[in-house]
Amino acid sequence: MSLAWESATTPSEGHFLQRAKGAARDMLWVTQRNLIGLKRTPQLLVFATIQPVIFVLMFRYVFGGAINVPGIPYVDFLMPGIFVQTTVFGAMGAAIGLATDLKSGLLERFRSLPMARSAVLGGRTLADLARNSFVAALMAAVGFAVGFRIHTNALAFFAAMLLVLLFGYALCWVFAALGLAVGDPETAQAAAFPVMAPLVFASSAFVPVSSMPGWLQAFAEHQPVSVTASAVRALAIGGETATYVWQSVAWCLAIFVVSAFLAVRKYRQAA
Amino acid sequence: MTDIAVRTFGLVKRFGDLAALDGVDLEVETGTVFGLLGPNGAGKTTAVRVLSTTLAPDAGKAEVLGIDVVENPAAVRARIGLAGQFAAVDPSLTGWENLAIIGKLSQLPRKVAGARADELLERFDLVDAAHRPVRTYSGGMRRRLDIGAALVRRPPVLFLDEPTTGLDLHSRNELWKMIRELVTQGSTLLLTTQYLEEADQLAQRVAVIDGGKVIANDSPGALKDKLGSTVIEISWDDVGVAESAERIVARAVGTPPEREGGLIRIKSHEGTHVLIGVLRELDAGGLEPDQLAVREPSLDDVFLALTGKHAEPVDEPADIPVGSRV
């Protein structure tokens with residue numbers, strides 16, 4: 001084998017458009033790599049699919065009877081909450097995946113390659129978005145199977161699912177920053193839970209906020225999971241739409257900007 | 001192209017109060033193997049990380065093929081291969097997929113990256129395992145794949161950080177063979193190691209590094225000459241007896257040996273001859289040693305000779321039972 005030096009342009013050289021094309025290509029390779037990893041790690045897929053199905057069955061048939069939502073069947077209240085909850089739990093994959101790559105030295109190797117610096121985080125979150133899309137479609141199917149019905153129209157429901165995916169994508173950056181900060185998959189998992197639990201459970205995802213004590217209502221009413229669940233509900237079963245949707249989009253953008261800044265900074269320092 | 005492939009001047013890197021690199025000057029000639037020898041925490045990995053652009057130095061300069069690693073890291077990355085201290089391969093991908101993605105991320109066209117993956121798997125004796133996920137590989141196989149990944153771009157400069165740590169003897173010898181082949185094909189290689197024997201086997205030049213400073217920079221032969229090629233250690237539980245033995249050993253060898261408490265250490269280029277002489281004299285004096293060990297000089301011996309102090313405790317596989325080799 002010859003070891004003759006080969007010249008090549010790197011994504012950080014050349015014209016802006018060439019650079020953007022190179023960076024996009026690198027990001028897709030990293031995305032592909034993460035999706036293959038997901039496919040070959042059954043426990044990750046099981047966690048991403050079986051666990052939310054169990055939540056649906058549990059809340060629909062076990063707790064649901066005791067939860068009273070005025071005006072609509074509980075299953076129609078529940079499913080939008082489940083869609084949001086699933087993306088929150090799924091976003092944890094970014095923390096575990098990046099912490100694993102950091103610990104194993106893969107990030108160090110990527111950083112020594114003539115590739116776009118943005119590709120590792122971009123590819124990771126893009127792979128998570130692809131997984132979230134799959135899981136969201138699956139959850140919609142499960143929802144319809146257990147009696148969930150759209151009261152508005154298909155277009156509004158589609159918009160609702162897009163909002164869920166946007167929210168999930170923004171959260172991936174939170175967990176990406178967290179995974180890079182702790183640098184160890186077990187710690188990442190342990191650190192992610194206290195972030196997720198209050199967001200998911202002290203929210204309107206499963207029960208109406210009005211059933212909570214007053215001091216908790218103030219938080220539960222305005223935090224991003226509740227706002228997004230309310231927006232999805234409004235889009236799927238009707239009611240005041242614009243306020244919740246814009247609030248949710250604002251939350252998504254704010255979460256994305258802050259956490260992407262932190263994650264990129266951590267990535268530069270890491271490895 | 002310059003004759004110097006890798007050069008650092010006054011390289012400094014601090015982590016808080018700790019100076020991992022404290023003014024390191026190195027020059028690696030093109031087409032040679034350069035060994036960076038030192039114990040854990042000496043600064044070897046930090047030096048490799050600065051040279052491979054994954055860590056920015058606090059002061060000093062580092063150049064690869066005349067390109068400054070801080071000013072133009074992208075150009076440096078396009079010319080180097082790095083195999084870090086841990087096998088940095090993705091366990092869920094197959095061996096082929098691991099090499100192919102490194103190729104694609106190194107800006108090789110897709111087909112070329114695939115062909116290169118085939119070629120490297122063949123060369124590193126991984127063809128049978130090529131399409132199995134790496135999680136099923138043994139430690140030695142992962143290490144070979146990891147080094148293959150560093151070669152995907154056929155880089156003119158290679159950095160290998162402790163490439164044989166954790167390998168069994170057979171895998172280590174295989175790897176040594178590959179490293180020698182690479183250099184005959186014109187690559188420049190900087191490798192770090194904790195083993196004097198490894199540096200001696202592979203490198204044309206060795207820098208010994210301790211506490212972020214280069215404390216010796218010489219050919220391995222010259223380093224070993226200072227140390228003697230064989231180390232004989234005899235010891236007594238009773239320090240008083242060892243003191244009497246020291247005089248007998250000095251007479252038998254002709255020069256006073258090193259003594260630490262009950263342990264006497266003799267370094268010699270004529271191990272067998274010296275050992276027989278020493279044992280004969282000790283026997284005649286009625287002083288039978290409590291313990292006896294004969295071994296190749298270790299990193300610790302280098303440290304003792306250079307600094308008068310021991311290296312931090314490291315796992316040294318160099319201890320050879322009496323009788324196997326003198």
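None of the figures in this text is laboratory data; all of them are computed from the coordinates on show. Every value quoted in this text rests on a predicted model; they were computed, and no experiment measured them. Here Cβ is always computed from backbone atoms with ideal geometry, including for glycine, and neighbour counts include all displayed protein chains.
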**Asked** Given springs between every Cα pair under 10 Å in a Gaussian network model of chain B, which of B:G16, B:G148, B:G271 has the largest fluctuation?
**Response** B:G16
**Message:** Let me confirm one metric for peptide A:187-200, namely the mean number of other chain beta-carbon atoms within 10 Å of its residues' beta-carbons.
**Reply:** 0
**Asked** Computed FRET efficiency, Cβ-Cβ of A:V257 and A:M58, R0 30 Å: what is it to the nearest 0.05?
**Response** 0.30
**Message:** Taking every DSSP beta bridge with both residues inside the protein assembly as shown, roughly what % is antiparallel (nearest 5)?
**Reply:** 70 percent
**Message:** Which of A:T41, A:T100, B:T184 has the fewest other C-beta atoms within 10 Å, and how do the rest follow up to the most?
**Reply:** B:T184, A:T41, A:T100
**Request:** Just rank B:W176, A:W173, B:W236, fewest to most, by other beta-carbon atoms within 10 angstrom.
**Result:** B:W176, B:W236, A:W173
**Message:** For a Förster distance of 22 Å, can you work out the FRET efficiency between the beta-carbons of A:A137 and A:S210, rounded to the nearest 0.05?
**Reply:** 0.10
**Message:** Given axes a ≥ b ≥ c from the Cα gyration tensor, I'd like to know whether region B:225-320 is rounded (a/c under 1.5), prolate (a/b larger than b/c) or oblate.
**Reply:** prolate
**Asked** Is there a simple number for the mean count of other chain Cβ atoms within 10 Å of the Cβ of residues in B:79-92, and what is it?
**Response** 6
**Asked** On average, how many beta carbons from a partner chain sit within 10 Å of the beta carbon of a residue in B:50-56?
**Response** 3
**Prompt:** Looking only at A:L78, A:L44, A:L102, which one moves most when chain A is put into a Gaussian network model with springs between Cα atoms under 10 Å?
**Reply:** A:L44
**Item:** Exposure proxy order (Cβ contacts within 10 Å, fewest to most) of B:L126, B:L37, A:L138
**Value:** A:L138, B:L126, B:L37
**Prompt:** What is the calculated FRET efficiency for B:L263 to B:Q204, with r their C-beta to C-beta distance and R₀ = 35 Å, to the nearest 0.05?
**Reply:** 0.55
**Prompt:** Over 31 Å between Cα atoms, which of A:K39/B:K177; B:K44/B:K177; A:K266/B:K213 qualify?
**Reply:** A:K39/B:K177
**Request:** When a/c is below 1.5 the answer is rounded, else prolate if a/b is larger than b/c, else oblate, so apply that to region B:4-221 with a ≥ b ≥ c taken from the square roots of the Cα gyration tensor eigenvalues.
**Result:** prolate
**Asked** In the Gaussian network model of chain A, springs joining C-alpha atoms below 10 Å, which of A:A192, A:A24, A:A160 carries the largest mean-square fluctuation?
**Response** A:A24
**Asked** Under a point spin-label approximation (7 Å from Cα along Cα-to-Cβ), what is the B:E29-B:N217 distance to one decimal in nm?
**Response** 1.4 nm
**Asked** So what's the angle, to the nearest 10 degrees on a 0 to 90 scale, between helix A:185-201 and the longest Cα principal axis of chain A?
**Response** 30 degrees
**Prompt:** Rg and Dmax of the protein assembly as shown, using alpha carbons, in Å: what are they?
**Reply:** 30.9, 106
